[in-house]
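Visitor: Take this structure first; my questions come after.
The values are calculated or read from the model by the stated rules, or taken from the named source; none is laboratory data. The model shown is predicted, which means the values in this text are computed figures rather than measured ones. Virtual Cβ from ideal backbone geometry, glycine too; neighbours counted across all protein chains shown.
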Amino acid sequence: MQIDLSGRTALVTGSTAGIGEAAARSLAAAGAEVVVNGRNAERVAEAARRIGGRGVTADVATADGAAELIRQLPDVDILVNNTGIFATQPVFEIPDEEWRRFYEVNVLSGVRLARHYTPRMVRRGWGRVVFVSSEAGVQTPTDMVHYGTTKTAQLAVARGIAQEVAGTGVTVNCVLPGPTMSDGVLAMFEELYPGLDPAEQERRYVAEGRAATSLIGRLIRPHEVAAMITYVASEQASATTGRALGVDGGLVPTILP
């Protein structure tokens, strides 16, 4: 299978590191003109240079930031809503402001951009919208209920938009990574297993933590999630829409996501 995204413009939010950067790199390798996004201008410029794309600095977790991004980039063919945050916290200790913050960053950031870009894709008769959700959206983590709730919300948003644009040539899907070896996860490992090297931290987490049911026995790598995102963004995925596609190494113990 040869994926060719030549002539397509792709926006990947939160793409200065981790899954976002890997997705931007993969889409660029397939021929897309990629727009990198983040909140820090220096990091955005550096990531855009590494990938060979364009950078737009904007905080899409705010209405003003989303509007600024749209002002600088009025149209795209592929929208990858990757911006997100996670943290562990006992559910009865999560204050209202944290619930709101997680919803603004993880859900409304993608809603705002999809609301603008998707109708324009429909008018052209082709487009791809991808929400980077999580396996936490289908099996809520006890220590990250606010995070899991936002990831479930993404599934509902994506399905609803897919239904709204049915038959237009625009597809809308969610990609559900399992625990992925990103900077954020490495920082979490330092809290959970201080003083151990990353390989041993990963081994411990797989044996004792959320990845214990993984069928591949390790964490996911960002490029593995990026491969699924690139496929979903391609012409070859034209019959895949309204779906939740797992990249979790078999961690979710069901035959459906």
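Visitor: Here's a check for you: in segment 70-83, which residue that is hydrophobic (A, V, I, L, M, F, W, C) and surrounded by fewer than 21 Cβ atoms within 10 Å (Cβ to Cβ) is farthest from LEU5 (Cα to Cα)?
Guide: Only one residue fits best here, namely ILE70.
Visitor: Output the number of residues of segment 207-240 satisfying the condition of being within 24 Å of SER6 (Cβ to Cβ) and more than 16 Å from the chain's Cα centre (by Cα).
Guide: Qualifying residue count, segment 207-240: 7.
Visitor: Here's another thing I want to ask about it. Is it the case that some residue within segment 35-58 is assigned by TED's automatic domain parsing to the domain that holds SER134, under 19 Å from ALA187 (Cβ atoms) and touching a residue at least 40 places away in the same chain (Cβ under 8 Å)?
Guide: no
Visitor: When only residues in segment 84-93 that are surrounded by fewer than 24 Cβ atoms within 10 Å (Cβ to Cβ) and under 22 Å from the mean Cα position of the chain (by Cα) count, which is farthest from VAL129 (Cα to Cα)?
Guide: Per the stated criteria, the residue is GLN89.
Visitor: Answer yes or no: is there a residue in segment 58-75 that is under 21 Å from PHE131 (Cβ atoms) and among the polar types (S, T, N, Q).
Guide: Yes, the conditions are met somewhere in segment 58-75.
Visitor: Quick one: would you say GLY125 is modelled with pLDDT of 95 or more, under 22 Å from ARG243 (Cβ atoms), out of contact with any helix residue (DSSP H, G or I) (no Cβ under 7 Å at 6 or more places or on another chain) and not polar (S, T, N, Q)?
Guide: yes
Visitor: When segment 226-255 is examined, which residues are found to be among the hydrophobic types (A, V, I, L, M, F, W, C), farther than 28 Å from ALA212 by Cα and outside any loop (DSSP other than H, G, I, E, B)?
Guide: Once the filter is applied, which keeps residues that are among the hydrophobic types (A, V, I, L, M, F, W, C), farther than 28 Å from ALA212 by Cα and outside any loop (DSSP other than H, G, I, E, B), segment 226-255 yields only ALA237.
Visitor: Among the residues of segment 171-206, which ones are charged (D, E, K, R) and either under 21 Å from the mean Cα position of the chain (by Cα) or surrounded by 21 or more Cβ atoms within 10 Å (Cβ to Cβ) (or both)?
Guide: ASP183, GLU202
Visitor: Does GLY160 qualify as being assigned to a helix (DSSP H, G or I) and assigned by TED's automatic domain parsing to the domain that holds ALA32?
Guide: So GLY160 fits the description; yes.
Visitor: In segment 94-143, which residues are hydroxyl-bearing (Ser, Thr, Tyr) and within 15 Å of the chain's Cα centre (by Cα)?
Guide: Answer for segment 94-143, where residues must be hydroxyl-bearing (Ser, Thr, Tyr) and within 15 Å of the chain's Cα centre (by Cα): TYR103, SER109, SER133, SER134.
Visitor: Let me ask something else. State yes or no: is ARG25 among the basic types (Lys, Arg), farther than 18 Å from SER109 by Cα, surrounded by 20 or more Cβ atoms within 10 Å (Cβ to Cβ) and modelled with pLDDT of 95 or more?
Guide: yes
Residue-by-condition table, conditions (1) β-branched (Val, Ile, Thr); (2) at pLDDT below 95:
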{"site": "ARG221", "(1), (2)": "no, no"}
{"site": "GLU224", "(1), (2)": "no, no"}
{"site": "TYR231", "(1), (2)": "no, no"}
{"site": "GLU235", "(1), (2)": "no, no"}
{"site": "ALA239", "(1), (2)": "no, no"}
{"site": "VAL247", "(1), (2)": "yes, no"}
{"site": "PRO253", "(1), (2)": "no, yes"}
{"site": "PRO257", "(1), (2)": "no, yes"}
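Visitor: Which residue, of GLY31, GLY65, GLY18, is farther than 26 Å from VAL232 by Cα, assigned by TED's automatic domain parsing to the domain that holds VAL225, of a type outside the set (D, E, K, R) and touching an Asp or Glu at 6+ places or on another chain (Cβ under 7 Å)?
Guide: Of GLY31, GLY65, GLY18, the one residue that is farther than 26 Å from VAL232 by Cα, assigned by TED's automatic domain parsing to the domain that holds VAL225, of a type outside the set (D, E, K, R) and touching an Asp or Glu at 6+ places or on another chain (Cβ under 7 Å) is GLY65.
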